[in-house]
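Data block below; observations after.
The values are calculated or read from the model by the stated rules, or taken from the named source; none is laboratory data. A quick note: this is a predicted structure, and the numbers were derived from the prediction, not measured. Using ideal geometry, Cβ is built from the backbone for each residue, glycine included, and neighbour counts are taken over all protein chains shown.
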Amino acid sequence: MSSPSRTSILHLYGSMLRASRSFTSYNFRQYFIRRTRSTFRQLQNESDAERIKAFYDNGLRELEVLRRSAIVNSLYGGRRLVVERSDAEEKIELERGDN
């Protein structure tokens, strides 16, 4: 039972962020992005191989749930909220580098 590599953990982190960003509901999207970042910050100082392996396995299960939940959320998505930026505004910010 070997612990997952740093690359595989980073790949899991990126996959969970992508799945979180695919929610159409602003509140769900922001919650899962914050939750993912917070969860992976806790792993940053972990050195126990068994705990890292358990975290990784749990993360894979959560990723599948997150993906399914995002699909269901997209089926019932509503209008964009006032606090959400339009795609054009995000594109302009990315071009200018205003992140």
Can you spot a residue in region 22-31 that is surrounded by 12 or more Cβ atoms within 10 Å (Cβ to Cβ), closer than 19 Å to LEU75 by Cα and in contact with an Asp or Glu (Cβ under 8 Å, 6 or more places away or on another chain)? yes
Identity of the residue in region 84-99, under 20 Å from the mean Cα position of the chain (by Cα) and either in a loop (DSSP other than H, G, I, E, B) or aliphatic (A, V, I, L, M) (or both), that ends up modelled with the lowest pLDDT: ASN99
Name the single residue, out of those in region 39-51 being without any contact (Cβ under 8 Å) to a residue 24 or more places away in the chain and over 16 Å from LEU66 (Cα atoms), that is nearest to the chain's Cα centre (by Cα). ARG41
Residue in region 1-16 that is nearest to the chain's Cα centre (by Cα), counting only those that are more than 15 Å from ARG67 (Cβ to Cβ) and surrounded by fewer than 16 Cβ atoms within 10 Å (Cβ to Cβ): LEU10
Would you be able to say whether some residue in region 57-65 is among the charged types (D, E, K, R), at negative phi, under 14 Å from the mean Cα position of the chain (by Cα) and exposed (fewer than 15 other Cβ atoms within 10 Å of the Cβ)? yes
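Each row is one residue, and each column tells you yes or no for (1) of a type outside the set (Lys, Arg); (2) in contact with a helix residue (DSSP H, G or I) (Cβ under 7 Å, 6 or more places away or on another chain); (3) more than 25 Å from GLU84 (Cα to Cα); (4) modelled with pLDDT of 95 or more.
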{"site": "ARG29", "(1), (2), (3), (4)": "no, yes, no, no"}
{"site": "LEU43", "(1), (2), (3), (4)": "yes, yes, yes, no"}
{"site": "GLU46", "(1), (2), (3), (4)": "yes, yes, yes, no"}
{"site": "ALA49", "(1), (2), (3), (4)": "yes, no, yes, no"}
{"site": "PHE55", "(1), (2), (3), (4)": "yes, yes, yes, no"}
{"site": "ARG61", "(1), (2), (3), (4)": "no, no, yes, yes"}
